[in-house]
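Every number here is computed from the coordinates shown, using simple stated rules; none is lab data. Small disclaimer: the values here were computed from a predicted structure and weren't measured. Cβ: placed from backbone, ideal geometry, glycine included. Neighbour counts: every protein chain shown.
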Amino acid sequence: MSYYRWLMIASIATALSACQEVENSGGPPAMPPMEVSTVTVVPKTIPVTFEFVGVVNGYHTMEIRSRVEGVIVKIGFTEGQLVTEGDTLYVIDQRPFLAALDNAKAELEGEEAHAWSASRALERLKPIFEKNAASRKDFDEALALDQTAKARVASAKAKVKQAELNLDYTTITTPITGLSGESNYGTGALISPGGKFLTKITTIDPVYVYFHVSESDVLKERREMQKHLLELPPDRNFDVQITLADGTIFPALGKLDFTAPTFRPETGTMMMRALFPNPEGILRPGQFVRAKLLGAQRFNAIEIPQRAVLQGSKGMFVYLVKNGKAVEQYIEPGEWNGNNWIITSGLNKGDVVIVDGVTKITPGSAVIAEPINEDKNPPQTQSIDK
């Protein structure tokens, strides 16, 4: 028998022997249990944050208007730049107002002269009347002329004051410190008190941050408070932290200082407002931020690492370890708390949740649970399509 025939017979014998062993064992050898990292569910009290999209508004915005009619001869600010209280914004042609003031002063001098003459006439007539050497009618007429002259003097003084005010109004200054807006008029324009405002000044230190809370969130919050699962700061005195568009956290905390008493029917939301110091002008009106309310606490809360939560076709779920095997458990997650996810339903005290290794197992897989220290595990996200 040739060498090659003996080699073929030996190969066939080896294959038949292997098939016989598989048949006798009932199938392929079982896979060894997989080691997985786990956490045990322990309800506890945790800080709660509420996060919203907010927009920055100036603390106070003032429309600058003219109190007199005239022609602008000077603009004393650069549009969009910071102006300080008392800075000159516009100067109106003062010549007509100087002439009006001179005229008012001249009229006052004339009325004062008439008043002096009437007063002297009354002084001369009074002793004669007291000696019955002058009629009552003459005395009454002299007294009336004296009082009329004094009234005309008072009226002339008021005209002088008004002329002085009008002259002062030709120099328009900013009553607040803030950012100047676009000027609606240029040099040479004729303006009047009834016309469009000249510009706007917006205070940016401090600033407001406005955000809106949905009706469903408000109702959920009230239910949890009634069940003593959630506790808010006294008098809702929340600290507020904001994150800028580039991901940086604004260095100062704000304070929630106003909550609207009603919902807006067109949006179904309730407006809230926080006040922030802004000495360096980092925050500008119209800027979008992420506002986070700090200071609330949730009692008997269940939280697990975010990376333990998977997404399937039926919803979100985790793997539990039961009797040494991985078992699916569908859950309802709530808000995030740092790198953890608060679970509102689906988990109970003592449940062992698989955190690391979930992408390598299937329902019913044999596992060996190894508790982990969450502080040593970086956050990550995972998803499984089922």
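With θ set to phi - 60° and the Karplus curve 6.51 cos²θ - 1.76 cosθ + 1.60, what are the ³J(HN,Hα) couplings of the range 348-357 in order, to the nearest whole Hz, using x for Gly and Pro?
Along the range 348-357, the couplings run 10, 4, x, 4, 9, 9, 6, 9, 10, x Hz.
Give me the one-decimal nm value for the distance between modelled label points at Val55 and Arg290, 7 Å along each residue's Cα-to-Cβ direction.
The two pseudo-label positions are separated by 2.0 nm.
Let me check I've understood the local charge: for Val358, count other residues with C-beta under 11 angstrom from its C-beta, Lys and Arg +1, Asp and Glu -1. What total comes out?
Once all neighbours under 11 Å are counted, the net charge is 0.
What ³J(HN,Hα) values, in whole Hz, does the Karplus curve 6.51 cos²θ - 1.76 cosθ + 1.60 give for the range 273-287 when θ = phi - 60°, with x put for Gly and Pro?
For the range 273-287, the Karplus curve yields 9, 10, 10, 10, x, 8, x, 8, x, 5, 8, 10, x, x, 6 Hz.
Using modelled backbone amide H atoms (1.01 Å from N, in-plane), which distant-in-sequence or interchain residues come within less than 5 Å of His60's amide H?
Here Thr203 satisfy the definition.
Give me the net charge of Pro285's neighbourhood, meaning all other residues with Cβ under 14 Å from the Cβ of Pro285; Lys, Arg count +1, Asp, Glu -1.
+1
Shape of the range 94-168 from its Cα gyration tensor (a ≥ b ≥ c, root eigenvalues): rounded if a/c is under 1.5, otherwise prolate when a/b > b/c, or oblate?
Judged from the Cα gyration tensor, the range 94-168 comes out prolate (a/c at least 1.5, a/b above b/c).
Hey, which lysines would be in cross-link range of Lys150, C-alpha to C-alpha under 26 Å, not counting anything within fewer than 8 residues on its own chain?
By straight Cα distance, Lys150 reaches Lys105, Lys126, Lys137, Lys159, Lys161.
If I model a spin label as a point 7 Å beyond the Cα along the Cα-Cβ vector, how far apart are those points for Ala134 and Met62 in nm?
Going by the 7 Å Cα→Cβ label model, 5.5 nm.
Counting alpha carbon pairs within less than 8 Å and at least 6 residues apart, what relative contact order, in whole percent, applies to the range 94-168?
Relative CO of the range 94-168 lands at 53 percent.
Can you give me the relative contact order of the chain as a percent, contacts being Cα pairs under 8 Å and 6 or more apart?
26 percent
Quote to one decimal, in nm, the extra length available between Ala106 and Glu182 on full extension: 0.36 nm per residue of separation minus the C-alpha distance between them.
My answer for the length gained is 23.2 nm.
Can you work out ³J(HN,Hα) from phi for every residue in the range 329-337, in order, using Karplus 6.51 cos²θ - 1.76 cosθ + 1.60 and θ = phi - 60°, giving whole Hz and x for Gly and Pro?
9, 6, 9, 10, x, x, 7, 7, 9
Subtract the Cα-Cα distance of Asp168 and Phe258 from 0.36 nm times their separation in residues, and report this length gain in nm to one decimal.
28.5 nm
Could you name the lysines in cross-link range of Lys292, using Cα to Cα under 30 Å and dropping any fewer than eight places away on the same chain?
Lys44, Lys220, Lys227, Lys255, Lys349, Lys376
Summing -39500 (n - 2.57) over the DSSP H runs of n ≥ 4 in the chain and dividing by its residue number, what mean residue ellipticity at 222 nm do you reach, to the nearest 500 deg cm²/dmol?
One gets -9500 deg cm²/dmol as the mean residue ellipticity at 222 nm.
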